[in-house]
Amino acid sequence: MRDNGPELHQQPGNTLLYYQAKHYWAWFIPVSDELTSVGVVFRTEHFKKAGMSREQMMLHECRHMTPVLSERLPDLTPQEPIHAIPNFSYRVHNYTGKGFVCIGDAHRFIDPIFAYGIYFGIQEGEFAADRIAKLLSGEIRTDGNPFADFERHCDEGNDVVEDVIGVLWDFPLAFQRILTWRDRVSSLDLLSGRIYGEMGATNPARIAVRRLMASKEKAEQDAKTTSSPESAEIAVAAG
Ligand SMILES: Cc1cc2nc3c(=O)[nH]c(=O)nc-3n(C[C@H](O)[C@H](O)[C@H](O)COP(=O)(O)OP(=O)(O)OC[C@H]3O[C@@H](n4cnc5c(N)ncnc54)[C@H](O)[C@@H]3O)c2cc1C
């Protein structure tokens with residue numbers, strides 16, 4: 001935050017995130033003195049329920065999602081067509097093999113809220129280049145997938161980020177406690193991209209977010225197990 005005081009005119013250039021509810025938020029990124037990049041993220045059901053065009057929806061959200069966003073946008077004139085991207089979170093497995101390797105968005109995109117996307121693209125490109133150089137020079141020889149270690153390494157980093165963002169949405173109070181108070185310094189490492197290998201695995205904030213997400217995964221698994229007899233009955237009845 002470049003913050004010189006409480007008034008809006010004293011805080012130019014700040015990138016701001018507005019959190020309304022789970023998976024419902026906005027970004028505000030000043031591009032110049034007169035132009036700001038604004039994006040609003042919400043669930044598809046919210047869009048369908050509103051019954052608006054994407055342009056109407058965007059302008060409506062800028063005004064009504066939260067007053068603090070609206071007051072920072074006195075002039076809501078779009079400077080380019082409004083774009084919409086559905087289903088931006090995805091994951092591809094087995095994204096490397098003999099003669100091919102995917103990096104960045106080509107194999108996974110988690111959630112844009114902490115803007116890891118460019119970092120992943122650059123970092124994974126560096127890892128891949130290093131691996132390719134070693135393969136070409138003969139330093140590494142293998143008959144299997146030459147990028148298997150690369151893929152594992154990239155997955156580790158992506159998994160850390162997925163947990164950090166998962167805790168933000170599913171355990172917001174714990175997120176605040178871990179990131180702004182208890183594990184503040186080690187959280188900075190995670191937010192700065194020190195998420196790979198031993199460094200990521202032994203980071204106290206990383207361990208804390210994994211524990212929370214594991215508890216959520218277990219609860220979901222337990223719920224599935226207890227509800228399966230009912231599903232079986234329905235399947236029989238339907239048959
Ligand atoms: C609205 C929005 C805001 C974002 N804000 C941020 C942010 O603030 N910070 C951040 O870190 N990340 C942000 N991201 C995410 C970030 O832009 C991406 O994660 C990042 O650009 C991924 O890089 P990449 O190289 O993997 O893919 P891309 O940037 O998509 O690059 C892939 C390139 O390949 C080209 N291409 C595709 N198919 C072919 C083909 N068949 N032949 C040749 N070329 C092809 C495409 O044209 C493109 O130029 C944002 C994303 C969006 C959509």
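The values are calculated or read from the model by the stated rules, or taken from the named source; none is laboratory data. Small disclaimer: the values here were computed from a predicted structure and weren't measured. All Cβ positions, glycine included, derive from the backbone under ideal geometry; neighbour counts span all protein chains shown.
For residues that are at negative phi and within 16 Å of the ligand (Cβ to nearest atom), tally how many sit in the range 2-31.
12
All but one of (1) away from the ligand (no atom under 16 Å from the Cβ); (2) closer than 20 Å to ASN87 by Cα hold for PHE42; which doesn't?
In the conditions (1) away from the ligand (no atom under 16 Å from the Cβ); (2) closer than 20 Å to ASN87 by Cα, PHE42 misses (1) alone.
Out of (1) among the hydroxyl-bearing types (Ser, Thr, Tyr); (2) touching a strand residue (DSSP E or B) at 6+ places or on another chain (Cβ under 9 Å); (3) not assigned by TED's automatic domain parsing to the domain that holds ALA115, the odd one out for SER32 is which?
The number of the failed condition is (2).
How do the pairs read when you match residues in the range 41-53 that are touching a residue at least 40 places away in the same chain (Cβ under 8 Å) with residues anywhere that are of a type in the set (Asp, Glu), using Cβ under 9 Å and keeping only pairs 6 or more apart or on different chains?
VAL41/ASP111
Restricting to the range 116-131, give me the number of residues that are in contact with a Phe, Trp or Tyr (Cβ under 9 Å, 6 or more places away or on another chain) and either more than 12 Å from the ligand (Cβ to nearest atom) or hydrophobic (A, V, I, L, M, F, W, C) (or both).
Total meeting the criteria: 5.
Specify which of the listed residues (ILE113, ILE85) is part of a loop (DSSP other than H, G, I, E, B), closer than 29 Å to GLN11 by Cβ, within 16 Å of the ligand (Cβ to nearest atom) and at pLDDT below 95.
The conditions single out ILE85.
Inside the range 171-187, can you point out the residues that are of a type in the set (Val, Ile, Thr) and exposed (fewer than 14 other Cβ atoms within 10 Å of the Cβ)?
Answer for the range 171-187, where residues must be of a type in the set (Val, Ile, Thr) and exposed (fewer than 14 other Cβ atoms within 10 Å of the Cβ): THR180, VAL185.
Could you list, in sequence order, the residues of the range 137-161 that are within 22 Å of PHE175 (Cα to Cα) and either in a loop (DSSP other than H, G, I, E, B) or among the hydrophobic types (A, V, I, L, M, F, W, C) (or both)?
VAL160, VAL161
Does GLU80 fit the bill of being assigned to a loop (DSSP other than H, G, I, E, B) and either surrounded by fewer than 12 Cβ atoms within 10 Å (Cβ to Cβ) or not assigned by TED's automatic domain parsing to the domain that holds GLU34 (or both)?
yes
Yes or no: the range 7-24 includes at least one residue that is modelled with pLDDT of 95 or more, more than 25 Å from LEU168 (Cα to Cα) and more than 17 Å from the chain's Cα centre (by Cα).
No, that holds for no residue.
Test each condition in (1) under 15 Å from the mean Cα position of the chain (by Cα); (2) of a type outside the set (A, V, I, L, M, F, W, C); (3) within 21 Å of THR15 (Cα to Cα) for ASP163 and report the one that comes out false.
Result: ASP163 passes all but (3).
For the range 88-110, what are the residues that are near the ligand (Cβ under 9 Å from one of its atoms) and in contact (Cβ under 8 Å) with a residue 24 or more places away in the chain?
Of everything in the range 88-110, those that are near the ligand (Cβ under 9 Å from one of its atoms) and in contact (Cβ under 8 Å) with a residue 24 or more places away in the chain turn out to be PHE88, ILE103, HIS107.
Which condition number in (1) within 16 Å of the ligand (Cβ to nearest atom); (2) over 21 Å from PRO86 (Cα atoms); (3) without any contact (Cβ under 8 Å) to a residue 12 or more places away in the chain is the one that SER37 fails?
Evaluating SER37 over (1) within 16 Å of the ligand (Cβ to nearest atom); (2) over 21 Å from PRO86 (Cα atoms); (3) without any contact (Cβ under 8 Å) to a residue 12 or more places away in the chain leaves (2) as the failure.
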